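Report on the following structure.
What follows is calculated from the coordinates using simple rules that are stated; it is not laboratory data. For clarity, every value in this text was computed on a predicted model and none was experimentally measured. When we count neighbours, we look across all protein chains shown, and the Cβ atoms used for this are built from the backbone with ideal geometry, even at glycine.
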Amino acid sequence: MPKVVDHEERRWEIVYALWLVIAEQGIEGVSLRHVAAAADVSMGRIQHYFGTKEALVLAGCTALVQSAHGGYQETAEAAPRERLLHVVSQQIPRDDAGRVGVSVWYAYVAKSINDSAVRQVLAEARRGAEEECVRLIQADRGGPADGADQAALEQARRLLALADGLTLRVLVRDLEPAEAVAMLESEVGRI
């Protein structure tokens, strides 16, 4: 009887291995050989699922964004303020796995300077986060959840910029995760 293969699971295993390689060696250290070794699969398997190194790197970027979005979807039943706090604080690394994730995110940010495909994925993700913050700010105020008023847009941008700065400080161990999250909670509370 033929073995049943879960192709989606195999793709995710390869993407996780890619992230580990990026976290350890940066995107410039990515090769099909390194990822194959980290995933304990053949280079042919990676080529089967992704084709080229460039396609694998882009798939890893897209998967990182999708993973963050999936985590946000788990807050669907929460109040707007709680969901807003999730959007702005989810990037704060709270453990070693979070540190790996954030270091991979920053590697993709650096890659986006010279890679238009990665830049597009990241820009769309950031616009989506900004739009969702605006929507949640308006919903928390009891105002309209559609359309963007300028004040909500400015608040969303300030919150996201603050989150970016705090994330960097936590990543370099200049600030504890709990302190960063508390600062974001305070800012969200002021809205």
(Q) List the residue pairs whose Cβ atoms are under 6 Å apart, where the first residue sits in segment 59-87 and is more than 30 Å from Asp115 (Cα to Cα), the second is assigned to a loop (DSSP other than H, G, I, E, B), and the two are 6 or more positions apart or on different chains. (A) Arg83/Thr75
Q.
All but one of (1) loosely packed, with under 15 Cβ neighbours inside 10 Å; (2) more than 15 Å from Gln90 (Cβ to Cβ); (3) in contact (Cβ under 8 Å) with a residue 12 or more places away in the chain hold for Val121; state the number of the condition that does not hold.
A. (1)
Q) Taking segment 41-86 on its own, how many of its residues are surrounded by 13 or more Cβ atoms within 10 Å (Cβ to Cβ), closer than 29 Å to Glu28 by Cα and not polar (S, T, N, Q)? A) 21
(Q) Given the criteria loosely packed, with under 14 Cβ neighbours inside 10 Å, closer than 21 Å to Tyr106 by Cα, of a type in the set (Lys, Arg) and without any contact (Cβ under 8 Å) to a residue 12 or more places away in the chain, does Arg157 qualify? (A) no
Q) Does segment 62-79 contain at least one residue that is in a loop (DSSP other than H, G, I, E, B) and among the charged types (D, E, K, R)? A) yes
